[in-house]
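One structure, pasted below without further comment.
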Amino acid sequence: MKTYKPTTDSRRHMVTINYREVLTAGKPHKALVGGGQRAVGRNNAGRITTRHKGNGHKRVFRQVDFVYSKKNIPAKVETIEYDPNRSAFIALVCYSDGERRYHVVPKGMKVGDKFLTSAEADIKTGNRLPLKNIPVGTFVYNLEIKPGSGAKMIRSAGNFGEVMASDAGYTMIKMPSSEVRRFDENAWASVGELSNEDHHLENYGKAGKSRWKGIRPTVRGTAMNPVDHPYGGGEGVQGRGTRRAKSKWGKPTGGEKTRTPKKYSNHLIVSRRKKGKR
């Protein structure tokens, strides 16, 4: 981690990742980037579905491959790069047939390292195999929900799942949330844990950096008017005034379960995640 001389109040607390020690390239591979407009919390009708998002610096979108369709072809890491659209680092890899792709890079992988996507691959960091071929106790990332659907889970910086057991066509994985869940044993996963594990230690130091990232301010409910929030109104600093904690829309908060009672994947969950501080 990188700290700064306290030349200002914000600099005093700022802590960032020391990218010079990790990254090996500044600009992305031109053939694998494109433009685009970010959703910034809006749905397809333009309505806000996630609050406190918007503006932020313009981003170039890297075409990161999560499907890993090139099987049984060795690949070599050429560069390790920063991606503004995700917390983990990405690597530009060159397959032995000459094609280049972007992949999220695991912890410990360096330029020149090789990996393989194959059912017969070794249990080595970066290699990708079906879950049924991965031994118990192995850390995995880039996990498929259904075979061939591409990596959907465990993709953020420093995260990993742990293979717990295999039985009756399913493999049990302990997720980063502490939930234990069953996956089809024919689904694929990569061996290792994701890079940039110090991401959660970063301190922006000032409000402006959050705005660069596209994070808008969050206003307290008690500072609003009664028409805007159940906690609003009153002279001076007021208490909550209601028996149970609730959201802006009156829905209960603070540990209340919100999962759909009859969700299709309920039968795949072996044990729910532990709530509170972990």
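With hydrophobic (A, V, I, L, M, F, W, C), surrounded by 18 or more Cβ atoms within 10 Å (Cβ to Cβ), farther than 25 Å from residue 77 by Cβ and out of contact with any His (no Cβ under 6 Å at 6 or more places or on another chain) as the only criterion, which of 164, 172 stands out? It would help to see each step written out before you state the result.
On the way: 164 fails: surrounded by 18 or more Cβ atoms within 10 Å (Cβ to Cβ).
Answer to the check: 172.
If you check every pair at least six apart or on different chains, which have Cβ atoms under 7 Å apart with a residue in segment 262-274 that is among the hydrophobic types (A, V, I, L, M, F, W, C) first and a residue that is surrounded by 13 or more Cβ atoms within 10 Å (Cβ to Cβ) second?
Listed pairs, sorted by first residue: 268/181; 268/182; 269/179; 269/181; 270/172; 270/180; 270/181; 270/182.
Which residues, taken from segment 161-191, are among the small types (Gly, Ala, Ser), under 30 Å from residue 21 (Cα atoms) and out of contact with any Phe, Trp or Tyr (no Cβ under 6 Å at 6 or more places or on another chain)? Break it down stepwise before answering.
Of the residues in segment 161-191, the ones among the small types (Gly, Ala, Ser) are 161, 165-166, 168-169, 177-178, 187, 189-190.
Narrowing the set further to residues that are under 30 Å from residue 21 (Cα atoms) leaves 161, 177, 189-190.
Matches in segment 161-191: 161, 177, 189.
In addition: Can you name the strands (runs of 3 or more DSSP E) wholly within segment 165-274 that have at least 2 residues being over 30 Å from residue 110 (Cα atoms) and within 19 Å of the chain's Cα centre (by Cα)?
On the way: elements: 170-174, 180-184, 188-191, 269-271.
Passing ranges, in order: 180-184.
So which residues in segment 29-68 are under 21 Å from residue 90 (Cα atoms) and outside any loop (DSSP other than H, G, I, E, B), if there are any at all?
Within segment 29-68, 30, 31, 32, 33, 34, 61, 62, 64 qualify.
What residue, among those in segment 252-274 that are basic (Lys, Arg) and surrounded by 11 or more Cβ atoms within 10 Å (Cβ to Cβ), is farthest from residue 51 (Cα to Cα)? Reasoning before the result, please.
So in segment 252-274, the residues basic (Lys, Arg) come out as 257, 259, 262-263, 272-274.
If we keep only those that are surrounded by 11 or more Cβ atoms within 10 Å (Cβ to Cβ) too, we end up with 272-273.
On the way: 272: 27, 273: 25 Å.
Selected residue: 272.
Which members of segment 41-67 meet the condition of being within 26 Å of residue 103 (Cβ to Cβ) and surrounded by 11 or more Cβ atoms within 10 Å (Cβ to Cβ)?
First, pick out the residues of segment 41-67 that are within 26 Å of residue 103 (Cβ to Cβ): 56-67.
Those that are within 26 Å of residue 103 (Cβ to Cβ) and surrounded by 11 or more Cβ atoms within 10 Å (Cβ to Cβ): 56, 59, 60, 61, 62, 63, 64, 65, 66, 67.
Determine if segment 145-156 includes at least one residue that is surrounded by fewer than 16 Cβ atoms within 10 Å (Cβ to Cβ) and of a type in the set (A, V, I, L, M, F, W, C). I'd like the intermediate steps shown before the answer.
Step one: list which residues in segment 145-156 are surrounded by fewer than 16 Cβ atoms within 10 Å (Cβ to Cβ), which gives 145-150, 152.
Next, only the ones that are of a type in the set (A, V, I, L, M, F, W, C) stay: 145.
Checking segment 145-156: at least one residue is surrounded by fewer than 16 Cβ atoms within 10 Å (Cβ to Cβ) and of a type in the set (A, V, I, L, M, F, W, C).
Rundown of residues vs (1) within 30 Å of residue 130 (Cβ to Cβ); (2) touching a Phe, Trp or Tyr at 6+ places or on another chain (Cβ under 7 Å), yes/no style:
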position: 43; (1), (2): no, no
position: 49; (1), (2): no, no
position: 75; (1), (2): yes, yes
position: 82; (1), (2): no, yes
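Oh, and also: If I ask for residues that are outside any loop (DSSP other than H, G, I, E, B) and surrounded by fewer than 18 Cβ atoms within 10 Å (Cβ to Cβ), which ones from segment 69-106 would you list?
If the condition is that a residue be outside any loop (DSSP other than H, G, I, E, B) and surrounded by fewer than 18 Cβ atoms within 10 Å (Cβ to Cβ), then 76, 78, 94, 95, 100 are the ones that fit.
Quick one: in segment 236-251, which of the residues that are closer than 15 Å to residue 220 by Cβ and of a type in the set (Lys, Arg) is surrounded by the fewest Cβ atoms within 10 Å (Cβ to Cβ)?
240
Further, regarding this structure: Working carefully through the options 126, 112, 137, find the one that is buried (at least 19 other Cβ atoms within 10 Å of the Cβ), part of a loop (DSSP other than H, G, I, E, B) and in contact (Cβ under 8 Å) with a residue 24 or more places away in the chain.
Values: 112 fails: buried (at least 19 other Cβ atoms within 10 Å of the Cβ); 137 fails: buried (at least 19 other Cβ atoms within 10 Å of the Cβ).
Going through 126, 112, 137 in turn, just one is buried (at least 19 other Cβ atoms within 10 Å of the Cβ), part of a loop (DSSP other than H, G, I, E, B) and in contact (Cβ under 8 Å) with a residue 24 or more places away in the chain: 126.
Same structure, new question: For the subset of segment 1-28 comprising residues that are outside any strand (DSSP E or B) and hydroxyl-bearing (Ser, Thr, Tyr), which member is nearest to residue 199 (Cα to Cα)? Reasoning before the result, please.
We begin by selecting, within segment 1-28, every residue outside any strand (DSSP E or B); these are 1, 4-14, 17-28.
Then drop every residue that is not hydroxyl-bearing (Ser, Thr, Tyr), which leaves 4, 7-8, 10, 19, 24.
On the way: 4: 17, 7: 24, 8: 23, 10: 19, 19: 11, 24: 18 Å.
For segment 1-28, the residue satisfying everything is 19.
Then there's this: Given the criteria within 29 Å of residue 12 (Cβ to Cβ) and not small (Gly, Ala, Ser), does residue 198 qualify? Explain how you work it out, then say what you get.
Details: within 29 Å of residue 12 (Cβ to Cβ): yes; not small (Gly, Ala, Ser): yes.
It is true that residue 198 is within 29 Å of residue 12 (Cβ to Cβ) and not small (Gly, Ala, Ser).
I need the full set of residues from segment 243-264 which are modelled with pLDDT of 90 or more and hydroxyl-bearing (Ser, Thr, Tyr), in order please.
The answer is 247, 260, 264.
One line per residue, one yes/no per condition, for (1) farther than 30 Å from residue 151 by Cβ; (2) touching a helix residue (DSSP H, G or I) at 6+ places or on another chain (Cβ under 6 Å); (3) of a type in the set (Gly, Ala, Ser); (4) in the same structural domain as residue 141 (by TED's automatic domain parsing):
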{"residue": "187", "(1), (2), (3), (4)": "no, yes, yes, yes"}
{"residue": "225", "(1), (2), (3), (4)": "yes, no, no, no"}
{"residue": "234", "(1), (2), (3), (4)": "yes, no, yes, no"}
{"residue": "239", "(1), (2), (3), (4)": "yes, no, yes, no"}
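The values are calculated or read from the model by the stated rules, or taken from the named source; none is laboratory data. Everything numeric in this text was worked out from a predicted model, so none of it was measured. Virtual Cβ from ideal backbone geometry, glycine too; neighbours counted across all protein chains shown.
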